[in-house]
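Read the structure below first, then the notes.
The values are calculated or read from the model by the stated rules, or taken from the named source; none is laboratory data. This structure is a prediction, so every number in the text was calculated from the model and none was measured. In case anyone asks, the SASA skips ligands and DNA or RNA and just uses the protein heavy atoms, side chains included. Shrake-Rupley method; radii C 1.70, N 1.55, O 1.52, S 1.80 Å.
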Amino acid sequence: MNARFSLVKDSLAKRSRMGAAALAGLLAAGSLNAQAQTELTMYYPVAVGGALTDVIDGLVAEFENEHPDISVDAIYAGNYDDTRVRAMSAIEAGEAPQLSVLFSIDLFDLLEQDAIIAFDEVVESEEEREWLDSFYPGLMENGRIDGQTYGIPFQRSTIVLYWNKDAFEAAGLDPETPPETWEEMAEMAAAVREASGGEQWGVMVPSTGYPYWMFQAFAFQDGHRLMNEEGTEVYFDDPAAIEALEYWVSLAEEHEAMPDGTIEWGTLRQNFLEESTAMMWHSTGNLTAVRNDASFDFGVAMLPMKEQRGSPTGGGNFYLFKGSSEEEQHAALTFIRWMTAPERAAAWSIETGYMGVSPAAYETQALQSYVEEFPPAAVARDQLEHATAELATYQGGRVRRALDNAVQAALTGQMSPEEALKQAQAEADAALRRYARSR
Amino acid sequence: MVIQNADRRMQIYGALLLLPAAVLLGTFAYLPTVATLINSFFLPGFRGAPPEFVGLENYAMLVEDVTFWKVARNNLIYALGTIPTSIALALGMALFVNARLPGRGFVRMAYFTPTILPMIAAANIWMFFYAPQIGLFNKLLGALGLSGVNWLGDPGMALTSVIVMTVWKEAGFFMIFYLAALQSIPPELKEASDLEGTSRWSFFWRVTFPLLMPTTLFVLINALINAVRVVDHLFILTKGGPNNATNLLLYYVYENAFSFFDRTYAATITVVILLVLAVVATLKFTVLDRRTHYQ
């Protein structure tokens with residue numbers, strides 16, 4: 001309908017240029033109308049289970065009710081990669097969205113593509129500037145460069161450990177005690193496997209979709225960070241990283257507690273729900289979907305540790321795109337502020353399992369009583385204290401893909417962890433060199 | 001003089017008739033091809049800076065790119081795995097449902113159903129068929145007392161699994177063409193050969209199959225195009241993994257262009273694909289066409 005309206009407007013504009021006074025009058029009325037309402041387009045992804053598009057549509061409708069002068073066209077565009085593609089192709093087609101929710105780690109690439117602007121350019125009042133600092137600092141790590149804020153946290157997560165209490169009990173383990181360390185996790189997983197007579201796996205860590213993300217958690221637990229803050233260097237073949245991958249591989253090979261080969265990101269939740277595994281590592285964004293569908297008692301814990309606890313943050317941020325008018329930018333800011341306000345962040349967290357993105361969200365009545373009634377809802381937030389920025393570099397796609405391949409090559413026994421990570425390091429270095437040249 | 005004028009008028013008339021097709025082809029085929037070729041000589045610009053001319057550097061990178069060669073090899077295996085199988089299966093199914101059997105309409109529909117499913121939907125269904133613990137195939141194997149296979153997660157199995165799904169999807173589509181061709185074969189031929197006492201086997205190889213040759217050629221070209229064009233079900237099933245075991249050419253182009261933001265390298269791969277396809281097209285026009293008898 002919008003498209004048709006603008007077509008009519010265009011043809012009216014042409015005719016009025018030809019001198020038809022009456023039509024020019026009509027045009028004026030038309031453009032008045034257009035000014036009365038600022039139209040925004042945004043793309044957003046869904047990477048976890050549940051009917052999240054309905055939730056977003058509901059939020060947008062509510063926002064439009066409260067702000068009749070702004071209309072938001074929220075377009076679901078698939079997973080994070082698909083959404084970035086949709087947004088970037090829209091830009092190339094000259095139909096740039098004013099804002100979008102994209103992968104928090106797309107920041108470097110979006111800058112490289114000259115696609116986004118900093119929120120600092122749009123905020124005006126002191127209140128708005130304070131809003132920029134109202135989020136958990138851990139979540140801002142992937143959104144800030146050189147003191148400029150480019151990404152506002154929205155659907156943010158950490159990796160958490162889901163465990164099946166019934167399965168623990170059946171294996172003679174304490175159902176209320178999740179594994180604290182790497183060794184404990186391997187032992188408990190093997191115990192479940194044995195007690196079930198091979199019917200049930202001990203633990204599953206997904207290795208498709210976002211293998212680098214899971215690997216980053218292992219590496220960080222071993223005290224190792226995979227990249228520098230500037231996004232120009234990676235350290236994949238460090239001994240700690242190799243040890244981390246060796247541990248991951250050992251879960252299947254040595255402890256026989258995890259299936260061989262890669263484990264699919266998209267079907268893992270279903271595996272857990274059908275009790276074919278006693279533990280899974282997954283985004284906290286799945287929490288509400290698991291809660292709604294689980295027919296057994298389950299718990300959620302922080303990931304186990306080696307040298308330290310740790311999980312990378314993950315998920316999507318709001319970005320502002322280049323090329324929109326000042327009016328549109330402010331409308332977009334209004335919308336983003338509304339969407340990330342404590343009450344909404346709380347509601348969103350309850351609906352999905354994603355984190356409330358600001359401390360204030362956890363102070364709301366709604367989230368406080370939810371956490372009281374359902375303590376797993378606070379695990380992701382508590383884990384923030386031990387979180388690290390998600391792997392983000394220039395040439396991010398290629399660098400992540402190199403690491404993904406290494407993880408998969410090791411898990412499927414094609415290469416040793418050391419070989420695989422050395423190769424990934426070489427590939428990432430080559431990609432970053434190419435970037436350094438084009439810069 | 002008069003004749004010359006008429007000639008010129010005919011020429012203009014002819015050119016005008018060609019114009020719409022020429023404009024469409026130019027805009028959507030030749031222009032992008034030329035643009036792709038030009039792009040392949042550049043490095044992408046940083047932060048809106050103009051791209052830098054680097055000559056053949058992208059091609060040099062391609063030659064050394066291990067992943068590209070793996071992907072090309074995968075695609076060859078994929079083509080060899082899907083094309084003959086789906087054509088043979090399509091022909092077999094067409095012969096079967098062309099015969100007078102009870103419930104013929106139902107069987108035809110059943111064979112054709114996979115074709116009308118959107119690829120993404122089909123792939124989503126198959127992802128759950130293939131899922132190692134909860135999937136249909138492993139449950140069936142388990143019922144037979146066999147241990148399951150990690151269909152999409154084992155690099156030795158993954159490409160085969162993708163091929164199997166493609167064959168399932170394509171065979172029904174090609175069957176329709178064969179069925180139409182079979183029904184256009186005059187029944188007199190069958191009657192005549194029955195009088196001669198020809199066996200069904202030699203009737204098929206001496207009469208039916210040669211008459212189906214134009215259809216086979218058409219189906220072959222389509223299957224070939226599909227083998228290069230495939231990209232959608234990889235998004236759902238494997239994303240090219242594990243470790244590039246199922247990565248195919250077009251998916252690799254997509255990855256470079258949109259996941260890696262490296263449009264110029266994507267253009268380079270595209271140029272190479274175009275060259276290979278041009279060779280195949282030449283073979284088709286020079287060799288295959290001459291061996292095909294049109295009715």
Q | residue B:166 accessible area, 1.4 Å probe, all protein chains in place, Å² to nearest 10 | A | 10
Q: Return the long-range amide H neighbours of residue A:353 (sequence gap of 5 or more, or a different chain), with a cut-off of under 5 Å between placed amide H atoms.
A: A:288
(Q) Which order do you get for B:30, B:59 if you rank them by accessible area with a 1.4 Å probe, largest at the top? (A) B:30, B:59
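Pop out the carbon and sulfur fraction of the accessible area of the protein assembly as shown as a percent, whole number, probe 1.4 Å. Present the calculation step by step, with values, prior to reporting the outcome.
Values: 19730 of 33440 Å².
Roughly 59 percent of what the probe reaches on the protein assembly as shown is carbon or sulfur.
Taking 0.36 nm per residue of sequence separation and subtracting the Cα-Cα distance, how much length would be gained by fully extending the chain between residue B:209 and residue B:4, in nm to one decimal? Present the calculation step by step, with values, prior to reporting the outcome.
On the way: separation 205, 0.36 × 205 = 73.80 nm, distance 5.08 nm.
Computed gain between residue B:209 and residue B:4 is 68.7 nm.
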Q) For the pair A and B, how large is the buried accessible area, both sides, in square angstrom to the nearest 100, if the probe is 1.4 Å? A) 3500
Q) How far is helix A:396-411 tilted off the main Cα axis of chain A, in degrees rounded to 10, range 0 to 90? A) 20
Q: Straight distance only, please: which aspartates and glutamates reach the Cα of residue A:322 with their own Cα at less than 17 Å, same-chain residues fewer than 8 apart left out?
A: A:39, A:92, A:95, A:106, A:109, A:112, A:114, A:120, A:121
Q. Once phi is turned into θ = phi - 60°, what whole-Hz ³J(HN,Hα) does the Karplus curve with 6.51, -1.76 and 1.60 give for every residue of segment B:40-48, x standing for Gly and Pro?
A. 5, 9, 10, 9, x, x, 9, 6, x
**Q.** Anisotropy class of the protein assembly as shown from Cα gyration tensor, a/c 1.5 cut
**A.** oblate
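I need the helices of chain B that pass two filters: whole DSSP H segments spanning 20 Å or more by Cα along the axis, and mean Kyte-Doolittle score no lower than 0.5.
Working: long enough: B:2-25 (34 Å, 0.96); B:66-98 (47 Å, 1.07); B:155-183 (43 Å, 1.26); B:213-229 (23 Å, 1.33); B:263-283 (30 Å, 2.09).
Correct list, ordered by number: B:2-25, B:66-98, B:155-183, B:213-229, B:263-283.
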Q: State whether chain A is rounded, prolate or oblate according to the following rule on the C-alpha gyration tensor (a ≥ b ≥ c being the square roots of its eigenvalues): a/c under 1.5 gives rounded; otherwise a/b larger than b/c gives prolate, and the remaining case gives oblate.
A: prolate
Q. Against the longest alpha carbon principal axis of chain A, how many degrees, from 0 to 90 and to the nearest 10, is the axis of helix A:182-195 turned?
A. 70
Q.
Given the -39500 (n - 2.57) contribution per DSSP H run of 4+ residues, what per-residue ellipticity at 222 nm results for the protein assembly as shown, rounded to the nearest 500 deg cm²/dmol?
A. -18000 deg cm²/dmol
Q | Long-range HN-HN contacts of residue B:42 with modeled amide H, under 5 Å | A | B:54
Q: Any chance you could check segment A:258-305 for residues losing 50 Å² or more of accessible area when the partner protein chains are in, compared with the chain on its own (1.4 Å probe)?
A: A:262, A:267
Q.
As a test question: what accessible area, to the nearest 10 Å², does residue A:67 have when a 1.4 Å probe is rolled over all protein chains in place?
A. 40
(Q) Can you give me the solvent accessible area of residue A:119 with a 1.4 Å probe, rounded to the nearest 10 Å²? (A) 0
Q: Mind pulling the angle between the C-alpha long axis of helix A:239-253 and the longest principal axis of chain A? Nearest 10 degrees, somewhere in 0 to 90.
A: 70
Q: Kindly identify residues of segment B:115-133 having a loss of at least 30 Å² in accessible area between the isolated chain and the assembly of all protein chains, probe radius 1.4 Å.
A: B:127, B:128, B:133
Q.
Which order do you get for A:76, A:44, A:235 if you rank them by accessible area with a 1.4 Å probe, largest at the top?
A. A:76, A:235, A:44
Q: Assign one of three labels to chain B, namely rounded, prolate or oblate, based on the Cα gyration tensor with a ≥ b ≥ c the square roots of its eigenvalues; rounded applies when a/c is under 1.5, prolate when it is not and a/b is larger than b/c, and oblate otherwise.
A: oblate
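Using only the heavy atoms of the protein chains and a 1.4 Å probe, how would B:201, A:163, B:69 rank by accessible area, largest first? Let's see the in-between values first.
Values: B:201 180, A:163 15, B:69 135 Å².
From most accessible down to least: B:201, B:69, A:163.
Which of B:70/B:139; B:70/B:169; B:169/B:239; A:422/B:169; B:190/B:284 have a Cα-Cα distance over 29 Å?
Working: B:70/B:139 32 Å; B:70/B:169 25 Å; B:169/B:239 19 Å; A:422/B:169 40 Å; B:190/B:284 31 Å.
Over 29 Å apart, Cα to Cα: B:70/B:139; A:422/B:169; B:190/B:284.
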Q) How much area per residue is accessible in segment B:155-295 when the probe is 1.4 Å and only protein heavy atoms are counted (Å²)? A) 47
